[in-house]
Amino acid sequence: MARPGPGISHPSHEPIEGAVWVVLPTYNERDNIEAMVAAIKANLPLAHALIVDDNSPDGTGQLADALAAGDDRVSVFHRPGKAGLGEAYRAGFREVLEQPGIAAVIQMDCDFSHDPADLPRLLEALSAGADLAIGSRYVRGGSTPGWDLRRRIISRSGSLFARSVLLVPYRDLTGGFKAWRPDLLRRLLASTAYAQGYGFQIEMTWLAHRSGARVAELPIAFRDRQLGQSKMSGAIMREALLMVLRLRLRAMGMLRDRPAVPARLGDSS
């Protein structure tokens, strides 16, 4: 874990007491959203779920509204259109951080690549003193079942490149299964740029490291989605590589930070 930075407290073995929010960005996830919400409730019965939908053409947003109408622990944040994963998470994070009594914020995919059964372990890591807990494919015990050799090489090479350039110890910089302490997340949202996709995941972990936060990596099995289509593209991969170089230049003082994202994006319901 990184050394603590100024202004960050580090509780040790402090139970998570308060509201836990799970932020779920969606775009064309109608086949998965109902089962995912049920799985979250099964593993974290008291958690709240915020579905951040980017006006999915397949009706995900309408189905999410129906789920929210029947469950006061489910909320929906509607955005006018697809603007990238990073923007969806920023909007969702800001929305849940305004809620009273919040104790933890979890981010995860809606396609079951992230196993909801691992949710309690992420919260346990926060209780043990972490400010950020990362579900990692690349620490001992982590795995990527069903991946072919080419995909394994590309993913591991990308993570190794980011670690080497940014000089951070974490093995899964592109992972998106994370649990945050709210005070850390609030601090970082003021510094995050406009990265999307994997670039956003790298940037947020890097910012946490630079702030002196305690970061824990927990092994997970990351499986391919069973329903729906992957959002991965060559453009997203290129953006991640450029983001790594941009962050390194920022660290060296050769690039100024971009302005923060506006406090609220889209319309909520």
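The values are calculated or read from the model by the stated rules, or taken from the named source; none is laboratory data. Values in this document were obtained by computation on a predicted structure and should not be read as measured data. FYI the Cβ positions are ideal-geometry reconstructions off the backbone, even for glycines, and counts take in every protein chain you see. Only protein heavy atoms, including side chains, enter the accessible area calculation; ligands, DNA and RNA are left aside. Shrake-Rupley method; radii C 1.70, N 1.55, O 1.52, S 1.80 Å.
Could you list all residues from segment 190-212 that are assigned to a helix (DSSP H, G or I), open to solvent by 30 Å² or more (accessible area, probe 1.4 Å) and modelled with pLDDT under 90?
Taking segment 190-212 as the starting set, the residues that turn out to be assigned to a helix (DSSP H, G or I) are 197-211.
From what's left, open to solvent by 30 Å² or more (accessible area, probe 1.4 Å): 198, 209-210.
Matches in segment 190-212: Tyr198 only.
Suppose we filter Leu85, Leu67 for residues that are touching an Asp or Glu at 6+ places or on another chain (Cβ under 8 Å) and open to solvent by 20 Å² or more (accessible area, probe 1.4 Å); which single one remains? Quick ask: steps written out before the conclusion?
Details: Leu85 fails: touching an Asp or Glu at 6+ places or on another chain (Cβ under 8 Å).
When all the criteria are applied, what remains is Leu67.
Go through (1) modelled with pLDDT under 75; (2) open to solvent by 40 Å² or more (accessible area, probe 1.4 Å); (3) of a type outside the set (Gly, Ala, Ser); (4) part of a loop (DSSP other than H, G, I, E, B) for Arg223 and report which single condition fails.
Evaluating Arg223 over (1) modelled with pLDDT under 75; (2) open to solvent by 40 Å² or more (accessible area, probe 1.4 Å); (3) of a type outside the set (Gly, Ala, Ser); (4) part of a loop (DSSP other than H, G, I, E, B) leaves (1) as the failure.
Out of Arg171, Arg150, Arg181, Arg187, which single residue is among the basic types (Lys, Arg) and at pLDDT 95 or above? Break it down into steps so the answer makes sense when it comes.
Working: Arg171 fails: at pLDDT 95 or above; Arg150 fails: at pLDDT 95 or above; Arg187 fails: at pLDDT 95 or above.
The match here is Arg181.
If Leu24 satisfies every condition in (1) under 22 Å from Leu188 (Cβ atoms); (2) among the hydrophobic types (A, V, I, L, M, F, W, C); (3) open to solvent by 20 Å² or more (accessible area, probe 1.4 Å) but one, which is the exception?
Failed condition: (3).
Condition check ((1) within 26 Å of Ile40 (Cα to Cα); (2) among the small types (Gly, Ala, Ser); (3) open to solvent by less than 50 Å² (accessible area, probe 1.4 Å)) across all residues:
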{"site": "Ala133", "(1), (2), (3)": "yes, yes, yes"}
{"site": "Arg140", "(1), (2), (3)": "yes, no, no"}
{"site": "Trp147", "(1), (2), (3)": "yes, no, yes"}
{"site": "Arg152", "(1), (2), (3)": "no, no, no"}
{"site": "Ser155", "(1), (2), (3)": "no, yes, yes"}
{"site": "Val168", "(1), (2), (3)": "no, no, yes"}
{"site": "Leu173", "(1), (2), (3)": "yes, no, yes"}
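So, Pro120, is that one touching a residue at least 24 places away in the same chain (Cβ under 8 Å) and not polar (S, T, N, Q) or not? Can you show your working first?
Working: touching a residue at least 24 places away in the same chain (Cβ under 8 Å): yes; not polar (S, T, N, Q): yes.
Spelling it out, Pro120 is indeed touching a residue at least 24 places away in the same chain (Cβ under 8 Å) and not polar (S, T, N, Q).
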